[in-house]
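One structure is given below, encoded as structure tokens.
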Amino acid sequence: MFLKKISLFNYKNFSEANFEFDVKINCFVGKNGVGKTNVLDAIYHLANGKSYFNPLAVQNIKHNEEFFVVDGEFEKNERTEQIVSSFKKGQKKILKRNGKSYEKFSDHIGFIPLVIISPADNDLIIEGSETRRKFIDTVISQLDANYLQKLIQYQKIIMQRNALLKYFALNHVFENDTLSIYNEQLNSLGQIIFEKRKQFIDDFLPIFNRYHKEITNSSEQVQLVYESHLFEADTITLLEKNLAKDRALHYTSVGIHKDDLSFQIDNYPIKKFGSQGQQKSFLIALKLAQFEFVKKQSGEKPILLFDDIFDKLDEFRVSKIVAMVNEDQFGQLFISDTHPERTEEIVKSTHQSYKIFNL
């Protein structure tokens, strides 16, 4: 599978731009602010129906314009697949495959497997648990449509339960029977999601450890530790035990929507005890493991986006990534970089076909 070409209209800083791509390596080079990352984000947009960096659709429209369109042509299983994402102010976002609109964007997730590695991934370390849950859910959802639907259902019921808790507080009433209906639904869905996440970590961890050793050539021990209330008790037990707390807070304080993934190095949190270099290596290993995991599970090589990472890596780590390209571990690559000469030197050393776009 690969992206053959893409057209952008009023997307971020582009009024109109068209690119035709090499099946292997494509590089966008130029100074900061010219739109290199925006092209990568447009590719991500086609795979996921949204931006990686600006989740609000209106933020992706070029200033002083009313709409944007991103139109891409992929080759998948020897068939041409046209994916179009568009949005006009005041209207719903539209996602089409071969001219037909998706009723649910979730039906598109996983059709174009894709992994992005970006400086923005540092949020996985410094931000709260929601960011790391999103990482787990993104990987599993690309491969398991049923998981994604269960997750969407769970989130809707949490919103309904929270609304009910607020209603109770505002009206000084309490209806345990109504609350119990939500508790039972959360218990059923929560257990399925918990088991899937647990299995994912068990399968993912050996791949992550292997990539970390390859990239760092290091004896450091790194850990991904899945943290969930459901290791203590089932969801119904947790909800009943925390009922007084939930009524006081007006929201649901326990459940799989509070899960976290602890990033550790030598059994200590990497956020506090890892150097900048250790954190970068950890994140790149995490994303390369995501790539490998999706590739194994789906039978396809995902499109891989490298956003400005060569500027953040030393020569040793760059050489390791180049070696992986040489071994044909990756499919189609897209790279952004501020140094044209460095980029050309790196891609030439892979002995693969490539195109360089100067922006």
Could you say whether any residue in region 87-98 is in contact with a helix residue (DSSP H, G or I) (Cβ under 6 Å, 6 or more places away or on another chain) and either on the phi > 0 side of the Ramachandran plot or β-branched (Val, Ile, Thr) (or both)? no
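Would you say residue 125 is part of a helix (DSSP H, G or I) and over 11 Å from the mean Cα position of the chain (by Cα)? Full working, then the answer.
Working: part of a helix (DSSP H, G or I): yes; over 11 Å from the mean Cα position of the chain (by Cα): yes.
Judged against the criteria, residue 125 is a match.
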When every residue in region 126-149 that is touching an Asp or Glu at 6+ places or on another chain (Cβ under 8 Å) and small (Gly, Ala, Ser) is compared, the one modelled with the lowest pLDDT is 145
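One line per residue, one yes/no per condition, for (1) in the same structural domain as residue 133 (by TED's automatic domain parsing); (2) of a type in the set (Val, Ile, Thr); (3) in contact (Cβ under 8 Å) with a residue 12 or more places away in the chain:
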{"site": "152", "(1), (2), (3)": "yes, yes, yes"}
{"site": "155", "(1), (2), (3)": "yes, no, yes"}
{"site": "166", "(1), (2), (3)": "yes, no, yes"}
{"site": "188", "(1), (2), (3)": "yes, no, no"}
{"site": "196", "(1), (2), (3)": "yes, no, yes"}
{"site": "203", "(1), (2), (3)": "yes, no, yes"}
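Of all residues being under 30 Å from residue 281 (Cβ atoms) and without any contact (Cβ under 8 Å) to a residue 12 or more places away in the chain in region 219-251, which is surrounded by the most Cβ atoms within 10 Å (Cβ to Cβ)? Just the residue, please. So that I can check it myself, show each step before the final result.
Filtering region 219-251 down to residues under 30 Å from residue 281 (Cβ atoms) leaves 219-228, 231.
This time we only want the ones that are without any contact (Cβ under 8 Å) to a residue 12 or more places away in the chain, so: 219, 231.
Numbers: 219: 7, 231: 10.
By that ranking, first place goes to 231.
Please go through region 1-17 and give me each residue that is outside any strand (DSSP E or B) and either free of Cβ contacts under 8 Å to residues at least 60 places away in the same chain or of a type in the set (Gly, Ala, Ser) (or both), ordered by number. Explain how you work it out, then say what you get.
If we filter region 1-17 for residues that are outside any strand (DSSP E or B), which is where we start, we get 1, 12-13.
Correct list: 12, 13.
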When you scan region 150-172, do you find a residue that is crowded, with 16+ Cβ neighbours inside 10 Å, within 19 Å of the chain's Cα centre (by Cα) and over 12 Å from residue 252 (Cα atoms), even just one? yes
Turns out the helices (runs of 4 or more DSSP H) fully within region 243-359 with at least 1 residues that are modelled with pLDDT of 90 or more are 243-249, 270-273, 276-298
Kindly indicate whether residue 214 is of a type outside the set (A, V, I, L, M, F, W, C) and farther than 20 Å from residue 282 by Cβ. no
Of the conditions (1) surrounded by 14 or more Cβ atoms within 10 Å (Cβ to Cβ); (2) farther than 24 Å from residue 196 by Cβ, the single one that residue 180 does not satisfy is (1)
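Just to check your reading of the model, which residue among 32, 38 is on the phi < 0 side of the Ramachandran plot, polar (S, T, N, Q) and surrounded by fewer than 19 Cβ atoms within 10 Å (Cβ to Cβ)? It would help to see each step written out before you state the result.
Values: 38 fails: surrounded by fewer than 19 Cβ atoms within 10 Å (Cβ to Cβ).
Of 32, 38, the one residue that is on the phi < 0 side of the Ramachandran plot, polar (S, T, N, Q) and surrounded by fewer than 19 Cβ atoms within 10 Å (Cβ to Cβ) is 32.
The values are calculated or read from the model by the stated rules, or taken from the named source; none is laboratory data. Just so you know, these numbers come straight off a predicted model, no measurement behind them. Cβ atoms come from the backbone with ideal geometry, glycine included; neighbour counts cover every protein chain shown.
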